Amino acid sequence: MRRKIILLFLLISTLAACSMDKNEVKDSPLYEGRDLTIGVVGKIPDVRERNIDFKNIDLNDIRKGNLSSKYDAIFIMKEHLIEAARAPYAKIYKNSGIPFFFIESKKSHVPFIEAEIEYEAFPDTDSGEYASGYYHLSDDTEKSWGYGLYNDTVNEVNELRPKFRTV
């Protein structure tokens, strides 16, 4: 549970920025928890925190497994979402033991964890979420999160507004 809270705060901090007022970022709290290692499929986010180590990985690294021994979470960026939603990955997301965050997916986490659903065919959710998170805890417990952007606007710097939901 503590790991999930840390990762939720991390996601908010990582993708955080501010609207037009640069002081919003400067004045927002830094993540001060334990050191974290986040695998990123795509471009690594730019953050102020020094205790977060982002590692570039690719989808083949995810297929190899053993993610929980190397990473605290995985971010999959927009340009890799279609491939990341292919059937072989669904089982990995459910069995990896770490949270996955799908950045800029307008389709929630569902097409990623359901092998029979094609990403392009799944409808957009119109939820305003910028990032969707998924974490499989056990056979009967899974969590998902959605995060929207401040004013639903992608700016150079923008602050996330959490929209929590649990499956």
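A cut-off of 5 Å between modelled amide H atoms, ignoring neighbours fewer than 5 places along the same chain, links Y71 with no other residue. Summarising the amide proton neighbourhood of E104: residues at separation of 5 or more, or on other chains, whose placed amide H is nearer than 5 Å comprise A131, S132.
May I ask you to give the solvent-accessible area per residue for segment 29-73, in square angstrom, as obtained with a 1.4 angstrom probe? Walk me through the numbers before you get to the answer.
Working: 2640 Å² over 45 residues.
Heavy-atom SASA per residue in segment 29-73 reads 59 Å².
The values are calculated or read from the model by the stated rules, or taken from the named source; none is laboratory data. No experiment lies behind these values; they were computed from the predicted model shown. Side chains included, ligands, DNA and RNA excluded: accessible areas come from the protein's heavy atoms. Shrake-Rupley method; radii C 1.70, N 1.55, O 1.52, S 1.80 Å.
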